[in-house]
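Here is the structure we will look at.
Taken together, the values in this text are just the output of simple stated rules run on the coordinates, not laboratory data. This structure is a prediction, so every number in the text was calculated from the model and none was measured. Cβ placement follows ideal geometry from the backbone for every residue including glycine, while neighbour counts extend to all protein chains displayed.
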Amino acid sequence: MSFVPEIYCIHAEPRIEAAVLPECPNPAVRPEGPGPRLRLEFYSSVPRGVDVAEGRAPKRDTCRYLQAIRGAGDRSINAEIDCAGGEAGSASMIAMALLQHPWRVTARITGRCSSAANFLALAADFRTIVPGGTVLIHRSARYCTPAQFEAMRLLSEEAKQAIDTSLAAIDDLTAAMLVSRLGITEQRAREWMVEGRSWTATEALERGFVHTIEDCAQVAQ
């Protein structure tokens with residue numbers, strides 16, 4: 001029997017004063033591009049916490065996606081998503097490139113859309129989900145093994161503050177994307193993040209995260 005070490009999950013400390021959310025591009029519904037659609041696939045499995053903590057989780061090829069989006073020309077883009085999330089910085093870069101694309105962007109959630117993958121979906125003008133799909137919105141977190149946690153505990157206050165600031169910045173971006181793209185309040189966005197619960201397809205539709213649930217007959221074809 002293999003031993004899996006305990007994993008610590010660190011979140012940003014609650015703010016005493018509210019922060020101004022970052023500005024996100026928020027295009028209106030964009031027109032369909034005259035060229036053939038570009039399909040982008042965002043697939044990943046759920047990594048073990050210890051692999052995330054020790055840097056062994058698979059990394060997203062951010063440059064490849066950015067090159068494809070920026071070179072799409074007059075083509076609309078369809079993002080296929082079945083993704084556990086991954087590194088927030090790379091996902092946010094891809095999302096910003098999608099938001100800046102002049103032609104329509106759609107997202108199809110074919111399985112899970114979790115964590116940083118939400119940035120990718122929210123960049124779309126129109127989002128669909130299969131009946132068995134899920135959406136998970138949560139606060140940003142840093143995973144640590146016991147040894148890493150002990151090392152962090154011994155850091156200077158300045159270094160600890162830098163980690164806290166980086167986590168808070170991701171939370172702010174998540175809130176900003178939800179507010180700008182779904183038209184909800186910041187309070188509601190942060191409530192969803194704190195709740196950190198996986199939504200069913202029906203719940204994602206009720207909350208306005210997706211526009212429609214795909215017909216089962218169409219999915220089976």
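Brief remarks follow.
- Under-5 Å amide H pairs with Ala57, H placed in peptide plane, nonlocal only: Val52
- Modelled spin-label separation between Arg48 and Glu80, with each label point placed 7 Å from Cα along the Cα-to-Cβ direction: 2.9 nm.
- If you run the Gaussian network model on the chain, springs between alpha carbon atoms under 10 Å, then out of Phe209, Phe42, Phe149 the most flexible one is Phe149.
- Computed from point charges on the beta carbon alone (+1 for Lys and Arg, -1 for Asp and Glu), the dipole magnitude for region 33-220 about its Cα centre is near 380 Debye.
- For Leu136, the residues 5 or more places off, or on other chains, whose built amide H falls under 5 Å of its own are Cys113, Ser114, Ser115, Trp199.
- Table column - 3J(HN,Hα) (Hz), region 63-77, Karplus curve with 6.51, -1.76, 1.60, x for Gly and Pro: 4, 5, 5, 5, 5, 5, 5, 5, x, 6, x, 8, 9, 6, 10
- Cα centroid separation, region 133-162 to region 1-56 (Å): 15 Å
- Residue of Ala201, Ala28, Ala72 that the Gaussian network model of the chain assigns the largest fluctuation, springs spanning Cα pairs under 10 Å: Ala28
- Each DSSP beta bridge with both residues in the chain is either parallel or antiparallel, and the antiparallel ones are about 20%.
- For the chain, the mean residue ellipticity at 222 nm estimated from helices alone is -11500 deg cm²/dmol, where every DSSP H run of n ≥ 4 contributes -39500 (n - 2.57) and the total is divided by all residues, rounded to the nearest 500.
- Annotation note: trypsin sites (Lys or Arg not before Pro) in region 135-217 located in DSSP loop regions with a Cβ neighbour count of at most 16 within 10 Å are Arg197, Arg207.
- Of Ala107, Ala162, Ala95, the residue with the greatest mean-square motion in the GNM of the chain, using alpha carbon springs below 10 Å, is Ala162.
- Sites listed here are GluC sites (Glu not before Pro) in region 1-50 whose DSSP assignment is loop and whose Cβ has at most 16 other Cβ atoms within 10 Å: Glu6, Glu17, Glu23, Glu32.
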